[in-house]
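Reviewing the structure listed below.
The values are calculated or read from the model by the stated rules, or taken from the named source; none is laboratory data. A quick note: this is a predicted structure, and the numbers were derived from the prediction, not measured. Don't worry about glycine lacking a Cβ; one is built from the backbone with ideal geometry, like all the others, and counts go over all protein chains shown. Side chains are part of the model used for accessible areas, which takes the heavy atoms of the whole protein and leaves out ligands, DNA and RNA. Shrake-Rupley method; radii C 1.70, N 1.55, O 1.52, S 1.80 Å.
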Amino acid sequence: MAGLADVFSEQERTNWLKSCLAVNIAKYALENIVDREVKIVQSRIVQTVQSQLNLPDTAVCTSCCTANLIICPTRGICKTMGQLGCINMHDSPLKQFRPCRIKMCDKIRDEIIKEHRYGQPSWRNTSAEHWTTNHWHIAKCFLPPDGYTAVDSAPETDFNGVLSVMLNCKHFDNLVSFAISQHRSTCLFSKARDIGRAVRHNSNCKIKDNDLQDTFTTLIDLLSDSTCLAQDRYAQEAITKLQQLRIDKLKITEAEMSQLLKNAHETLDEIKDVAENYMKEMKHLTQQFFQSLREQKRENGEEHAIQDFSKRLKKFYNENLRNVPLTPLFPSSDVSIDKFYTTPYISQIPKNDENNLNNTGPVQNYSHILNTNGKRNRNVFLQGEAGMGKSTFAAKIVLDWCSEGPNKDDDLFGDLDSLKVFMFVFIITLKEAGGECEITKMIKEQIIDMIYADIEREDAYILLNKIMQSQICLVIQDGLDEWMDKADKLALPRLVLNHSDCSVLITTRHWKMTDERIKESKIDCVSELKGVLYPYKLSKMVLSCLFPHRNVEDENERFRDDIEEKEIGDLLLSPMLISLIVCCWADGMLTKSLCKLYSTLLDSLFKKASNGGDCIRPSQLRCFRKRKYVQQNIEYLEVLSRTAFKMMFTSKPDRSLLIDDTHLLEYMSAAQKLFCLKSGVLTEKKCHNKTYQRSFCTFIHKSVQEFLSAFYLANNRDEIRVVEKYISEHSNDITTIHQVFVFLCGMNISAANELSPLLDEISGHSKEKLLDQISNTQRVLIRGLMEAEANKYTHNEINLKLSRFVISSALDVPVKAFTFVLAVNLSNVKELHLFENQTPFLPQILQAPYDKTMHCNLLNLSPCPNLETIAIYEEIMLLPNSLCSLKELRSLTLQGKCDDLDLSSCLKLEQIDIDGENTFVQKCFHGLVNLKYLKLRGKCKELDLSSCSNLEQIDIDGENTFVQKCFHGLVNLKYLNLSGKCDGLGLSSCHNLEQVCIDGEITLLPNGLHALEKLKHVNLRCKCISLDLSFCTNMEHLIIDSKLCVLRNALCGLFNLKYLKLWCKCDDLDVSFCSKLEQIDIDGENTFVQKCLDGLVNLKHLTLMGKSDELDLSSCHHLQQVRELILQKLKTVEKRFKRKTKLRLFRKSGRKTPLIIDFAHKRYLRSINLQYTCLVLNLSFCLNLETINICGDISMVGSCNLSLVNLKTLTLRCKCEQLDLSLCLNLETVCIEGDITLNGMYGLKSLKFLTLLCSLKEIDLSTSAKLERINICYSQNRIGLVQHSYREHVHISIFIPLCIDIKSIKTNGAITKERDRKAWWINWIGELADDLTLGELDDAFTLDELDDAFTLDYVLKQN
């Protein structure tokens, strides 16, 4: 196997490669440690919050997004833009700042801020929805603010990110021996991060020998840190590898070498000015691991072939894409794109904005589209309506790629270097691909067949596949909405897997993005092309082409004045419409109507093919009445409209936009086809196959085909059933009809009135993206209304049906038009979603008169008697009793305010979700027999749900009171979460209950849960006397935390119980029947039988507080953790503890007979915390103990020469003679107090903190080089520290017991004079600090300080 030295011929570059591998090795070790510790942080935070809020252990919140938890504006996060407010984090009603409903997310946010070293978590990285379920979203709060949004695990996080977590999270302070700081030179985390950055961003791929050794030293020192990393398996394995790598003994696998070279290759690509020289030096191993692609291309002539391919491709693009039509509807009148092109208005849509209601500001360069956080996007979608300029923008990208010039720094989209990263750019028109699925075959048909001769095409196709496998390419797919897989299985054209370095840019219309087959995981970026950034700049360009000899500035100003006078500026949406409107203005035919604009277009096109005859057959449609050439050739219009309609709604999906010559002749004759081609309404292209030549036809623009289809429907209303059939068979293509409907409203409002119920019906079919579908349909009907008004239809003639409404200012629809559509459909409204609480956006017809007491307008829904679904997401005042008349109401979501709410007349209600400051009448829910789901937050007195016999789920919180039989007879009830007041609650009739959570001032009847055999989860924080649960035989999870008394045998029948938490009162408790128990947590005034825990072989975690004469744990073979045992007397402790066991014993009262505990064979015991009376203890066999805390009347017996090599913390406040700690080599903290005689502490190299309040002989601390502080107590016995036994800067505190009279302290006789007493003090302290002169000590202290202080602190400094 080749070594690292074989890659580069120069030693310093080999050093760089070693550094790369060293960083990778260290990163693997640290990522495992960080991942483990972050899980601990997440668990601690969640448990802390659950405890603070008295929430159950299973409580989570996944409904709050990060924006909901961050106050707006927040510096560094929010960006505001005038009246638009926040345009990034809080850019929609659903993303406004609001408290969490259960306060859990707010508390977690606060805990994260506390945990962050600088109090500034990276909120943009994280998703609050995952805080309780994915620990790495907690970790992402401690990552750098940019570049880590898509990172979801530790392995995906780079070395810099892993170290940032350790630097920014306070949790790691206790896991390392050094002080953590971003900039301190002593912080190994900071030094390691600097090394990673230096390696990654090295400008010449060279590292000197001494820098390489510093890299190894820093990383090994970090991984060897004594506090935690030195005991970690991953860290030790990494140290071994680093040491082997340091001396060139590390065996590198083929996979590791391949990955390392790939990383090096990527770095070299970034350094373009030196990459060529370095790539030559990688020749040998690149041949071995990457098959020496560059050399093989040179040997086989492929390099020349690729260069030739690129040259031909750029020439083809410059010849075919350089000119664009003056308007897409006049393809023959083309001009240079350089003269006609203007900056598009493109905005990015956040990936999590599922309803597409929010966009960012205008995108200004290519990199923002093609890259995200510096990483190249694989799949980019650019959506926009017809005529917005998607195809022109795609062509501009290609031409800019072909350009050899530098960046245009002064221009938007002038970053040409962003395109130069792509070796090849391929653009394909999906409309011309027919039903072809393979991208490479499309490129062959549309590009290769055009730039290569027939005999060259096969070799060129092979070369194409090799290029796409080995080179970074960009494939632009133009018009996804105009393509469909023949088999209707694929949503996107197929790109083979080994073309992994290819980026794909797809242009499409909005409706295609609603295809559920397009998975979010396949979308890296979505942008929307809304038209042009400067519409009047484009109009000026068009006018300069139309009037080359006039003053274009003056003409453009006149055009602008006319647009503003006619109030049709909203029509300047797309380049196509701008061009058409300018042409109409130039001819004096400017209008608001789209139908009139398109009829003008057709009239102009027909003029080119018309024979000039005078035979006129006028059309009955208003928009064609003054169209001379259309009326002269009305038969061609009818044929065209029939063809357009049949292609769109009756043919196969792959022929809806493209039709071959054979099928076209089914709809029209050859002569009619010739007229259509001459006029330019149809275009024909040739397609070359190996066996035969065929042609296909398409309309000049999809919107023209939609206009003609609407014309056909307007004259043939019976064909509406064809549209209905098509939609039923192609439910994923429902938006095909939207633009047709808008045109139909302007041509024949009666037909549009008839078609509108179909649009309304299909908008409610999709369960996913439902609001998106409803909003789209609502927009379409409003556009249709405006088109009808522009064509002089009166409001009496307009009767467009719509039953589902979304009210939100974010939808940006004209309020007047929306109000009319709503007014026409008041009796039809079935579904209403309200996101707006601002009066200007609430339709007047839904507002009650101004309420002087409330100081606001109230929402009145009574005008909509057929409402079935109501969802109000804003705090808006609801008119009392306005829901009483809604007899058809089935679903109610209310987050607003309403007083005296009464729903008893809404008998069809199935689902209720009410939150906010609401009050209810006493019988608000009486008689709701169809109700299945109830979630209630508010105030309700004497609530009675017994008549809601079909309820399955109840969640009630707030200041509510319940009658005793509130839930009587609810046999279908499965889930109950209850908080409020009730005296004598019983649930025994709810036979299907599976989960119960009761909290508040509720008194549960003793038999309140009797015979609920299906009950599995119970959480009680209420009151009950003598509760009996023995008949709940399927119980798995039981929590009782309240003033509740449990019967003696209350748990005897719970054979399936796994988790038990009792913080209440129970006498003679016996859980031995619960053989499946895994966790017990019992606290309170409890007594236990002797064999309370007998037979619990599955028990793993135990916390027990109570009274028992004897308790036997011997059968708990799988016990892993004993958190606390607070008992009267403990008989024996089980014999085989698992790892990480913690034992804590207390003795509160009882007999004085000494209790002997022998910990023999407890080799896995890690921590002991004992507080007991009359206890004899032997710890000599607990070899793995790490923490000891012993307090009370406890005598330690056996060998007092403790040989606990893993012991780190020792606290003793008990009795022990001749204690020797010299063999506890890893001790860091020692606190000894009481009747203890200490013999020796020599050899404690890790000792940092020492407190001695006991009797001891002279001790030697000369080996304790890490000692930082000594606390000792004055005693009549001499305290001696061997000279120079402590390191520099040790802080010594001397404690003077209160029982000693300072002024009576004597040595060698009575001290009567103050000077003599001070001298005694100085001499006494001098015994502790032989290196200080008496003069220095005399100057340091006054007599008052020595006499009056109980503690004398002095920092002893040597030299």
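Screening LYS444 with (1) modelled with pLDDT of 90 or more; (2) open to solvent by 10 Å² or more (accessible area, probe 1.4 Å); (3) not in a helix (DSSP H, G or I) gives one miss only, at (3). For the criterion of being hydroxyl-bearing (Ser, Thr, Tyr) and farther than 30 Å from VAL363 by Cβ, SER185 passes. Within the option set GLY147, GLY119, being free of Cβ contacts under 8 Å to residues at least 24 places away in the same chain, surrounded by fewer than 22 Cβ atoms within 10 Å (Cβ to Cβ) and outside any helix (DSSP H, G or I) holds for one residue only, GLY119. For segment 751-763, check the following and say yes or no: at least one residue is under 14 Å from ALA710 (Cβ atoms), out of contact with any Leu (no Cβ under 7 Å at 6 or more places or on another chain), open to solvent by 10 Å² or more (accessible area, probe 1.4 Å) and modelled with pLDDT of 90 or more. Yes - at least one qualifying residue is present in segment 751-763. Going through (1) modelled with pLDDT under 80; (2) in contact with a Phe, Trp or Tyr (Cβ under 8 Å, 6 or more places away or on another chain); (3) hydrophobic (A, V, I, L, M, F, W, C) one by one, LEU601 falls short only on (2). Taking the stated definitions as given, is VAL815 of a type in the set (A, V, I, L, M), open to solvent by 30 Å² or more (accessible area, probe 1.4 Å) and at pLDDT below 85? So VAL815 passes the test.
Scanning segment 523-532 for residues that are part of a loop (DSSP other than H, G, I, E, B) and open to solvent by 40 Å² or more (accessible area, probe 1.4 Å) yields one hit, ASP524. Here the condition is being outside any loop (DSSP other than H, G, I, E, B), open to solvent by less than 40 Å² (accessible area, probe 1.4 Å) and modelled with pLDDT of 80 or more; of LEU1210, LEU1247, LEU1227, LEU1238, it holds for LEU1210 alone.
Going through (1) modelled with pLDDT of 85 or more; (2) acidic (Asp, Glu); (3) not in a helix (DSSP H, G or I) one by one, ASP718 falls short only on (3). Can you tell me how many residues in segment 951-970 are open to solvent by 60 Å² or more (accessible area, probe 1.4 Å) and over 15 Å from PHE920 (Cα atoms)? Number satisfying all stated conditions: 5. One residue stands out among those in segment 862-911 that are acidic (Asp, Glu) and outside any strand (DSSP E or B): the one that is nearest to ASN960 (Cα to Cα), which is ASP902. Looking only at residues in segment 539-579 that are outside any helix (DSSP H, G or I) and either at pLDDT below 75 or among the basic types (Lys, Arg) (or both), the one that is farthest from GLU789 (Cα to Cα) is ARG550. For segment 192-201, the set of residues classified as open to solvent by less than 80 Å² (accessible area, probe 1.4 Å) and out of contact with any Phe, Trp or Tyr (no Cβ under 6 Å at 6 or more places or on another chain) consists of ALA192, ARG193, ILE195, ALA198, VAL199, listed by residue number.
Looking only at residues in segment 581-598 that are open to solvent by 30 Å² or more (accessible area, probe 1.4 Å) and either aromatic (Phe, Trp, Tyr) or at pLDDT 80 or above (or both), the one that is farthest from the chain's Cα centre (by Cα) is ALA586.
Residues of segment 122-133 that are open to solvent by less than 80 Å² (accessible area, probe 1.4 Å) and in a loop (DSSP other than H, G, I, E, B): SER122, TRP123, ASN125, THR126, SER127, TRP131, THR132. Taken together, ALA460, ALA487 contain a single residue that is at pLDDT 80 or above and small (Gly, Ala, Ser), which is ALA460. So is GLU528 farther than 21 Å from LYS420 by Cβ, charged (D, E, K, R) and in contact with a Lys or Arg (Cβ under 6 Å, 6 or more places away or on another chain) or not? It is false that GLU528 is farther than 21 Å from LYS420 by Cβ, charged (D, E, K, R) and in contact with a Lys or Arg (Cβ under 6 Å, 6 or more places away or on another chain). Taking the condition open to solvent by less than 20 Å² (accessible area, probe 1.4 Å) and touching a helix residue (DSSP H, G or I) at 6+ places or on another chain (Cβ under 6 Å), does ILE439 pass? When the stated conditions are applied, ILE439 does not pass them.
Given the conditions (1) farther than 30 Å from ASN160 by Cβ; (2) open to solvent by 30 Å² or more (accessible area, probe 1.4 Å), and given that MET104 satisfies all but one, which numbered condition is not satisfied? For MET104, the exception is condition (2).
Name the single residue, out of those in segment 1003-1019 being modelled with pLDDT of 90 or more and open to solvent by less than 50 Å² (accessible area, probe 1.4 Å), that is farthest from ASN977 (Cα to Cα). The selected residue is LEU1015.
Looking only at residues that are of a type in the set (A, V, I, L, M) and farther than 20 Å from PRO145 by Cα in segment 64-90, which one is modelled with the highest pLDDT? Checked segment 64-90; the qualifying residue modelled with the highest pLDDT is MET81. Annotation note: of GLY361, GLY387, the sole residue that is surrounded by fewer than 16 Cβ atoms within 10 Å (Cβ to Cβ) and at pLDDT below 85 is GLY361.
Scan segment 159-169 and tell me whether some residue there is crowded, with 21+ Cβ neighbours inside 10 Å and free of Cβ contacts under 8 Å to residues at least 40 places away in the same chain. There is at least one residue in segment 159-169 that is crowded, with 21+ Cβ neighbours inside 10 Å and free of Cβ contacts under 8 Å to residues at least 40 places away in the same chain. Mind checking which residues of segment 1050-1075 are closer than 18 Å to ASP1112 by Cα and either open to solvent by 30 Å² or more (accessible area, probe 1.4 Å) or touching a Phe, Trp or Tyr at 6+ places or on another chain (Cβ under 6 Å) (or both)? ASP1067, ASP1068, LEU1069, ASP1070, SER1072, PHE1073, SER1075 - these are the residues of segment 1050-1075 that are closer than 18 Å to ASP1112 by Cα and either open to solvent by 30 Å² or more (accessible area, probe 1.4 Å) or touching a Phe, Trp or Tyr at 6+ places or on another chain (Cβ under 6 Å) (or both).
Here LEU1015, LEU1029, LEU1062, LEU1005 are screened, and the one residue that is in contact with a Cys (Cβ under 6 Å, 6 or more places away or on another chain) and not polar (S, T, N, Q) is LEU1015. Being buried (at least 16 other Cβ atoms within 10 Å of the Cβ) and at pLDDT 85 or above is the requirement here; does ASP225 meet it? Here the answer is yes, as ASP225 does meet what is asked. When CYS61 is tested against (1) at pLDDT 85 or above; (2) among the hydrophobic types (A, V, I, L, M, F, W, C); (3) assigned to a helix (DSSP H, G or I), only condition (3) is not met.
Applying the criterion of being over 19 Å from THR1033 (Cα atoms) and at pLDDT 80 or above to the residues of segment 1076-1086, the residue that is most open to solvent (accessible area, probe 1.4 Å) is ASP1083.
Against the test of being open to solvent by 10 Å² or more (accessible area, probe 1.4 Å), within 25 Å of VAL639 (Cα to Cα) and either free of Cβ contacts under 8 Å to residues at least 24 places away in the same chain or in contact with a Cys (Cβ under 8 Å, 6 or more places away or on another chain) (or both), the options ARG717, ARG721 yield a single qualifying residue, ARG721.
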